[in-house]
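Asks: What follows is a structure written as structure tokens; I'll ask about it next.
The values are calculated or read from the model by the stated rules, or taken from the named source; none is laboratory data. Treat the numbers as computed from the prediction; the structure is a model and nothing was measured. Cβ: placed from backbone, ideal geometry, glycine included. Neighbour counts: every protein chain shown. The area values use the complete protein model at the heavy-atom level, side chains included, leaving out ligands, DNA and RNA. Shrake-Rupley method; radii C 1.70, N 1.55, O 1.52, S 1.80 Å.
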Amino acid sequence: MNTQNQTHFGYEQVAEAEKARRVAGVFDSVAQRYDLMNDLMSGGLHRLWKAFTIDRSGVREGSRVLDVAGGTGDLSLAFSRRAGKSGQVWLTDINNSMLTNGRDRLADKGLLLPVAQCDAEKLPFPDDYFDCVSVAFGLRNMTHKDRALAEMFRVLRPGGRLLVLEFSHVWKPLAPLYDFYSFKVIPRIGELVTKDEASYRYLAESIRVHPDQETLKTLLEQAGFEKVEYFNLTLGVVALHRGFKF
Ligand code: SAM
């Protein structure tokens, strides 16, 4: 087998095409219960992490925003409240089940946003278009993070900013407790709520193989972003990386 085309799927090494297929399987499986599981697993903390992200976005009335891997639309909803009627907020995701749930959920709140099903590695948007691009809990699942970051850089206008909210590497003393929670408790909750333990084991594993704070900062810089900084949230359980295109 050609090892150059291998990548991680959690702790497993798989062919790149196989990773995309299995990630799709995970999100097809969890889409219906995705929001409930987010609240249960994080004890509601994901709402605070997302609110912090919005606060760092600089999005205001009239802004153009791209929510990459936007799933069920939490960030898109908050962005569109800030961008107002004169703004433009796109909800995008590669997965039809997640996107359909997101679109319906926003429609139930009276919001009709433009939606596009697309791969972050090939964004169907022009160069230099958006004021802000976000990707929350999505980068970890992408096969070629460098290509996805290059695309996000391309579609940002000069002066625009990228926000990457993602699980990260927790403060060391907390690691044993966090490991217990991630590998023993979360898959159990997943089994009870979605009848799918494996997807939640993938969640825990994919976090462990995702680049740590400093490595991700370097990846953003390699993609061309400047003034890159990160904010550890909940002792590094999650980190928000922010970078600018100049
Ligand atoms: N952003 C939402 C949130 O914070 O609740 C959803 C995050 S969910 C954990 C991860 C999302 O990434 C899924 O909806 C999945 O379909 C999407 N995704 C995975 N690979 C992708 C890719 N290559 N391009 C676009 N979206 C992708």
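Asks: Which condition number does MET1 fail, the rest of (1) at pLDDT below 95; (2) more than 12 Å from the ligand (Cβ to nearest atom); (3) assigned to a helix (DSSP H, G or I) being met?
Replies: (3)
Asks: Follow-up question, since we're still on this one. Would you be able to tell me the number of residues in the range 52-61 that are touching a helix residue (DSSP H, G or I) at 6+ places or on another chain (Cβ under 9 Å) and either within 14 Å of the ligand (Cβ to nearest atom) or open to solvent by less than 20 Å² (accessible area, probe 1.4 Å) (or both)? Working first, answer last.
Replies: First, pick out the residues of the range 52-61 that are touching a helix residue (DSSP H, G or I) at 6+ places or on another chain (Cβ under 9 Å): 53-54, 57, 59-61.
Filter once more, keeping what is either within 14 Å of the ligand (Cβ to nearest atom) or open to solvent by less than 20 Å² (accessible area, probe 1.4 Å) (or both): 53-54, 57, 59.
Number of matching residues: 4.
Asks: Taking the criterion of being among the β-branched types (Val, Ile, Thr), within 14 Å of the ligand (Cβ to nearest atom), modelled with pLDDT of 95 or more and more than 16 Å from the chain's Cα centre (by Cα), would at least one residue in the range 69-78 satisfy it?
Replies: Looking for residues that are among the β-branched types (Val, Ile, Thr), within 14 Å of the ligand (Cβ to nearest atom), modelled with pLDDT of 95 or more and more than 16 Å from the chain's Cα centre (by Cα), one finds none in the range 69-78, hence no.
Asks: A further question follows. Quick one: in the range 169-205, which of the residues that are surrounded by 13 or more Cβ atoms within 10 Å (Cβ to Cβ) and not in a helix (DSSP H, G or I) is modelled with the lowest pLDDT?
Replies: Once the filter is applied, the top-ranked residue is ASP196.
Asks: Here's something else I'd like to know. I'm trying to understand the selection: among the residues of the range 206-229, which are assigned to a helix (DSSP H, G or I) and charged (D, E, K, R)?
Replies: Going through the range 206-229, the residues assigned to a helix (DSSP H, G or I) turn out to be 206-208, 213-222.
The answer is ARG208, GLU214, LYS217, GLU221.
Asks: Give me a count of the residues in the range 156-168 that are open to solvent by less than 40 Å² (accessible area, probe 1.4 Å) and either outside any loop (DSSP other than H, G, I, E, B) or among the charged types (D, E, K, R) (or both). Spell out how you get there, then give the answer.
Replies: Pass one, the range 156-168, residues open to solvent by less than 40 Å² (accessible area, probe 1.4 Å): 156, 159-160, 162-168.
Adding the requirement that they be either outside any loop (DSSP other than H, G, I, E, B) or among the charged types (D, E, K, R) (or both) leaves 156, 159-160, 162-167.
Number of matching residues: 9.
Asks: Any idea which residue in the range 62-88 is surrounded by the fewest Cβ atoms within 10 Å (Cβ to Cβ), counting only those that are under 16 Å from ALA120 (Cα atoms) and out of contact with any Asp or Glu (no Cβ under 6 Å at 6 or more places or on another chain)?
Replies: Top of the filtered list is VAL65.
Asks: For the range 102-122, how many residues are free of Cβ contacts under 8 Å to residues at least 40 places away in the same chain and not in a loop (DSSP other than H, G, I, E, B)? Explain how you work it out, then say what you get.
Replies: Quick first cut of the range 102-122, residues free of Cβ contacts under 8 Å to residues at least 40 places away in the same chain only: 102-104, 106-112, 114-119, 121-122.
From what is left, the residues that are not in a loop (DSSP other than H, G, I, E, B) are 102-104, 106-108, 115-117.
Of the residues in that region, 9 qualify.
Asks: Pull out all pairs, ordered by first then second residue, where Cβ-Cβ is under 7 Å, the residues are six or more apart or on different chains, the first lies in the range 6-28 and is among the charged types (D, E, K, R), and the second is open to solvent by 50 Å² or more (accessible area, probe 1.4 Å).
Replies: Final answer for the pair search is GLU16/ASN5.
Asks: Please specify each residue of the range 117-152 satisfying the condition of being open to solvent by 30 Å² or more (accessible area, probe 1.4 Å), more than 10 Å from the ligand (Cβ to nearest atom) and under 16 Å from the mean Cα position of the chain (by Cα).
Replies: Result: ASP146, ALA150.
Asks: How about the range 8-43: which of its residues are away from the ligand (no atom under 12 Å from the Cβ), of a type in the set (Ser, Thr, Tyr) and either part of a helix (DSSP H, G or I) or open to solvent by less than 30 Å² (accessible area, probe 1.4 Å) (or both)?
Replies: Result: no residue meets the conditions.
Asks: Assuming ARG81 fulfils every condition listed in (1) of a type outside the set (A, V, I, L, M); (2) assigned to a helix (DSSP H, G or I); (3) farther than 25 Å from HIS144 by Cα; (4) under 19 Å from the mean Cα position of the chain (by Cα) apart from one, which condition is it?
Replies: (4)
Asks: Any chance the range 44-51 includes a residue that's away from the ligand (no atom under 12 Å from the Cβ) and among the aromatic types (Phe, Trp, Tyr)?
Replies: Within the range 44-51, not a single residue is away from the ligand (no atom under 12 Å from the Cβ) and among the aromatic types (Phe, Trp, Tyr).
Asks: Going by the structure shown, is LEU99 among the aliphatic types (A, V, I, L, M) and within 9 Å of the ligand (Cβ to nearest atom)? Can you show your working first?
Replies: On the way: among the aliphatic types (A, V, I, L, M): yes; within 9 Å of the ligand (Cβ to nearest atom): yes.
Criteria met by LEU99.
Asks: Step by step: first the residues of the range 123-173, then only those that are touching a residue at least 12 places away in the same chain (Cβ under 8 Å) and among the basic types (Lys, Arg), then the one that is farthest from VAL26 (Cα to Cα). Which residue is that?
Replies: Let us first name the residues in the range 123-173 that are touching a residue at least 12 places away in the same chain (Cβ under 8 Å), namely 123, 125-171.
Adding the requirement that they be among the basic types (Lys, Arg) leaves 140, 145, 147, 154, 157, 161.
On the way: ARG140: 13, LYS145: 19, ARG147: 22, ARG154: 29, ARG157: 33, ARG161: 29 Å.
Only one residue tops the list, namely ARG157.
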